[in-house]
Amino acid sequence: MDLFSHPQQPSQPPSPLAFRMRPRDLDEIEGQLHLVGPGGPLRRLIEDDRLHSFILYGPPGTGKTTLGQIIARRTRCHFEYLKAVSSGSAEIRSLAADASQRRKYYQQRTILFLDEVHRFNKGQQDVLLPFVEDGTLTLIGATTENPLYEINSALLSRLRIYVLELLDEPALQRILERALTDRERGLGANPPRLTPEARDFIVLQARGDARAALNLLEAVAQAVPPEAEAVTVADVTRIHGQAVFQYDKKADQHYDTISAFIKSIRGSDPDAALFWLAVMLAAGEDARFIARRLVVHAAEDIGLADPRALLMANAAAHAVEYVGLPEARIPLAEATIYLARAPKSNASKVAIDEATRAVREMARIRVPPHLADASHPRARSLGRGVGYLYPHDFGGYVAQDYLPPELKGRVFYRPSGNGEEQE
């Protein structure tokens, strides 16, 4: 049975609480007011039944499949549901053939809700493209992965993207209250007695995921006997165990968190940088990856404003390899604080990038004769080394040209004036 099947019969085992409590209409949806609140763009399209092809992109438990269910009930279009992980090109072609006949003979459009659309490979997405382009299928894709990276650009150009956000605490509290009081679908007939602190703790552990909040509430209701006193935070902790972070090392959480970490260091905020470091470590991020980013940041964003920053970052990277976690969290924290507090300069990065552009723009690159290797006894007969001024013969410095003649006077390194670059 999929999520769009008819409700189960009373004789069947009860469905999970999160399944039973799915919103039945737009007014029951929590946390996505920017899309389905009064006057929201997606709400207007659903209510007017004039849907176009689009992607629902957001973390788990934010309502993507629920919106698909509501659309299925409200639309006058024919509605099909597929899970990309268990479907293929043959099913798409078959659905498209039926949709074409349906549109030709009954003037009825077909909506295809494709769950986990990012699971389709490039070839499968290419099969979808012409049917979406000519309107044979109105595609609604649901994904937890960033569609900018997971969906082919040709297909993506024909889709709008609607972003669903993690639910805030008031929204999760309302969802829990509805589940605890609903006698038909929820736990209202025999609700667990939660202390306010226990309910707040469930919301905290859900971390913006409505499904996670309801699953934890149901676990508590099943584990606590009816005659028990009020459920406490300790009870929920015992039932729930250790919190699980929504963190995928190959997806948005990975890239977004490391981005927040580096930007906090660049912005000289050691407290924010430490927080994002703690998030990554708690989620099981590879400490070597963090250390590598610190090394890059020390050279790219601090540079010669504080030459010791690169030494500190390299020392932290060595400590990660030498002692490992959990102890390595301390040198990582030390390096993070040092880099966040250090003066900032990207002059070295700008300099090498400008020099690289100059190399690419030159039609030919020749070493000036006076700078060429003159170590061979007969080198000077070829003009190599002729005219070179040895700086030590002039007290350590002598003015002469070291760039090719085409670049005479060109400046790449411009000290920032911050920290030690002032000198």
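At 37 °C and 0.692 mPa s, what whole-number value in µm²/s does Stokes-Einstein give for the translational diffusion of the chain, with Rh from the Kirkwood sum over Cα pairs? Don't skip to the answer; put the middle values down first.
Values: Rh = 27.0 Å.
The estimated diffusion coefficient comes to 122 µm²/s.
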- prompt: By how many degrees, 0 to 90 and rounded to 10, does the Cα axis of helix 210-223 deviate from the longest principal axis of the chain?
  reply: 60 degrees
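Using 0.36 nm times the number of residues separating residue 350 and residue 263, minus their current alpha carbon distance, what extension gain do you get?
Details: separation 87, 0.36 × 87 = 31.32 nm, distance 1.78 nm.
Contour length minus Cα-Cα distance gives 29.5 nm.
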- line: Shape descriptors of region 252-341 over alpha-carbon atoms, Rg and Dmax in angstrom, are 11.6, 33
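Using r as the Cβ-Cβ distance of residue 397 and residue 278, and R0 as 30 Å, what FRET efficiency do you calculate, to the nearest 0.05?
Details: r = 49 Å, r/R0 = 1.64.
Using R0 = 30 Å, I get an efficiency of 0.05.
Once you wrap a convex hull around the alpha carbon atoms of region 31-163, what is its projected area averaged over all directions, in nm²? Show your work: numbers first, answer last.
Values: hull surface 30.0 nm².
Dividing the Cα hull surface by four gives the mean projection, 7.5 nm².
Based on Cβ point charges of +1 for Lys and Arg and -1 for Asp and Glu, what charge dipole magnitude is obtained for region 31-163 about its Cα centre, in debye rounded to the nearest 20? Could the numbers behind the result be given before it?
Values: 17 positive and 13 negative charges, 77 e Å.
Rounded to the nearest 20 debye, it is 360 debye.
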- prompt: Mean residue ellipticity at 222 nm from the helices of the chain, using -39,500 (n - 2.57) per DSSP H segment of n ≥ 4 over the full residue count, to the nearest 500 deg cm²/dmol?
  reply: -14000 deg cm²/dmol
task: State, to one decimal in nm, how far the label point of residue 134 lies from the label point of residue 104, with both points 7 Å from Cα in the Cβ direction.
output: 1.0 nm
field: Helix 347-361 axis, angle to the chain major axis (alpha carbon atoms, nearest 10°)
entry: 80 degrees
- prompt: For the residues 392, 370, what sequence is obtained by ranking on other C-beta atoms within 10 Å, fewest first?
  reply: 392, 370
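What size of dipole, in debye to the nearest 20, comes out for region 252-341 about its Cα centre when the only charges are +1 on Lys and Arg C-beta atoms and -1 on Asp and Glu C-beta atoms?
160 debye
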- prompt: Angle, helix 287-297 long axis vs. longest principal axis of the chain, Cα atoms, 0 to 90°, nearest 10?
  reply: 50 degrees
message: List the trypsin sites (Lys or Arg not before Pro) within region 371-423 that DSSP assigns to loop and that have no more than 16 neighbouring Cβ atoms inside 10 Å.
response: 378, 408, 410
- request: Quick one: net charge around residue 74, please, counting Lys, Arg +1 and Asp, Glu -1 for every other residue with C-beta under 13 Å from its C-beta.
  value: +1
field: Per residue Cα convex hull volume in Å³ - calculated over region 169-240
entry: 73 Å³
Distance between modelled label sites at residue 161 and residue 86, nm, 7 Å Cα→Cβ extension: 2.9 nm
task: Can you figure out the FRET efficiency of residue 423 with residue 197, using R₀ = 56 Å and their beta-carbon distance, to the nearest 0.05?
output: 0.50
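Using the Cα centre of the chain as the reference point, and only Cβ charges (+1 on K/R, -1 on D/E), how large is the resulting charge dipole? Debye, rounded to the nearest 20. If you can, show how the numbers build up before the last one.
Details: 51 positive and 54 negative charges, 300 e Å.
Its charge dipole is roughly 1440 debye.
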task: Pick out, from 377, 396, 282, the residue whose Cα sits farthest towards the positive end of the charge dipole of region 278-423, with +1 on the Cβ of Lys and Arg and -1 on the Cβ of Asp and Glu.
output: 377
Sparsely packed GluC sites (Glu not before Pro) within region 141-222, loop by DSSP, other Cβ within 10 Å at most 11: 184
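None of the figures in this text is laboratory data; all of them are computed from the coordinates on show. The structure presented is a predicted model; accordingly, all values stated were derived computationally and were not measured. Quick reminder, even Gly has a Cβ in these numbers, built from the backbone with ideal geometry, and neighbours come from all protein chains shown.
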